[in-house]
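The values are calculated or read from the model by the stated rules, or taken from the named source; none is laboratory data. Everything numeric in this text was worked out from a predicted model, so none of it was measured. Note that each Cβ is placed from the backbone with ideal geometry, even for glycine, and that neighbours are counted across all protein chains shown.
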Amino acid sequence: MADNSASIVVDTYSEDENYAESTVSEITSLRSSICDYVYENGRRYHAYHAGTYWGSNDEKSMEAMDVMHHVYTLLLHGRLFLAPIPNDVERVLDIGTGTGKWAIDFGDVYPSATVIGTDLSPIQPSLVPPNVRFQVDDCCDEWIYKRPFDFIHARGLYGCVADWDRFYSQSLENLRPGGYFEQVEVSPTVRSDDGSAENTKIKELGTKSTGAADEFGKSFDTVEEMKDGMERAGFADVTEHRFKLPVGPWPKDKHLKTLGRYTRLAWEESMEMWVMMLWTRVLGVL
């Protein structure tokens, strides 16, 4: 893992349960209406609670999600999480599961656990481990699970939640005593040890997108705000880990160089998706 306090050395050369737990729940089984996607500016968006999330769910976006899952796994040196959960963990919830990669990998490693992955888009595969289930759900709605979870995992929810206090309170209420909640987020605004990112177009991209998200009513600064939000909700022993994630293969360190290659690929695949909805609907600049 990278030491967040140290500068990254630049390389001197370049290289290239169970589906629904209640019959009256809005946690639905897949219906045709949910798959009747919204198309706008050449991108495909979720139909369930349409317009509440800024990102597209088309094939290009799904490929980028899978690349970022690989990036997160590389960042943790092969681990799926940092929480000290027991090997006999039983009930696990993956919020904002996307293509379901994390939930599937977790289900493979912990075959005795029941893993539920939720998302606004039904873009997950049908061939999954028998202990993994996917549900179309909005984590901003009222949670109605009948039984608490041992582990709740959330990743990449920046720009997804308007009321984080409510989200964290519901997460805590749906954890069994002694259970763990873990959230992983990245900053959409680049930073640099030597100041080289300042006054660049890539810096401007993050700044404008963050402003657009604020107008949209859902912050992009989740990575800076989530620790305080968890503590306000009543979580105990909140631990924060920060990592540097290079964009491109410029670091000399081999591990960071590999991370940088995959991160750049994810950025190249995602950049249009990041700006399309927010910049057209909110900023009106495209």
For Tyr180, only one of the following conditions fails: (1) among the aromatic types (Phe, Trp, Tyr); (2) in a loop (DSSP other than H, G, I, E, B); (3) under 18 Å from the mean Cα position of the chain (by Cα). What is its number? (2)
Within segment 46-90, track down each residue that is basic (Lys, Arg) and either at pLDDT below 95 or assigned to a helix (DSSP H, G or I) (or both). Lys60
In segment 23-45, how many residues are part of a loop (DSSP other than H, G, I, E, B) and either modelled with pLDDT of 70 or more or of a type outside the set (S, T, N, Q) (or both)? 11
For the subset of segment 86-117 comprising residues that are surrounded by fewer than 19 Cβ atoms within 10 Å (Cβ to Cβ) and not small (Gly, Ala, Ser), which member is farthest from Lys254 (Cα to Cα)? Glu90
Can you tell me which residues in segment 246-286 are of a type in the set (Phe, Trp, Tyr) and within 21 Å of the chain's Cα centre (by Cα)? Tyr262, Trp267, Trp274, Trp279
Pick from segment 213-234 the residues that are buried (at least 17 other Cβ atoms within 10 Å of the Cβ) and touching a helix residue (DSSP H, G or I) at 6+ places or on another chain (Cβ under 7 Å): which of them is farthest from Trp54 (Cα to Cα)? Ala233
Of the residues in segment 120-144, those that are modelled with pLDDT of 95 or more and hydroxyl-bearing (Ser, Thr, Tyr) number 0
Single residue of segment 96-138 satisfying the filter (over 16 Å from the mean Cα position of the chain (by Cα), outside any strand (DSSP E or B) and hydrophobic (A, V, I, L, M, F, W, C)) that is farthest from Asp66 (Cα to Cα): Ala113
Breaking point among (1) among the acidic types (Asp, Glu); (2) part of a helix (DSSP H, G or I); (3) over 22 Å from His49 (Cα atoms), for Asp165: (3)
For residues that are more than 22 Å from Thr207 (Cβ to Cβ) and outside any helix (DSSP H, G or I), tally how many sit in segment 252-286. 2
Look through segment 139-160, keep the residues that are part of a loop (DSSP other than H, G, I, E, B) and of a type in the set (Phe, Trp, Tyr), and return whichever of them is nearest to Gly206 (Cα to Cα). Tyr158
When segment 217-245 is checked residue by residue, the ones that are over 18 Å from the mean Cα position of the chain (by Cα) and either outside any loop (DSSP other than H, G, I, E, B) or under 20 Å from Leu76 (Cα atoms) (or both) are Asp228, Glu231, Arg232, Ala233, Val238, Thr239
Which listed residue is closer than 18 Å to Phe167 by Cβ and in contact with a Phe, Trp or Tyr (Cβ under 8 Å, 6 or more places away or on another chain), from Ala213, Ala236: Ala213
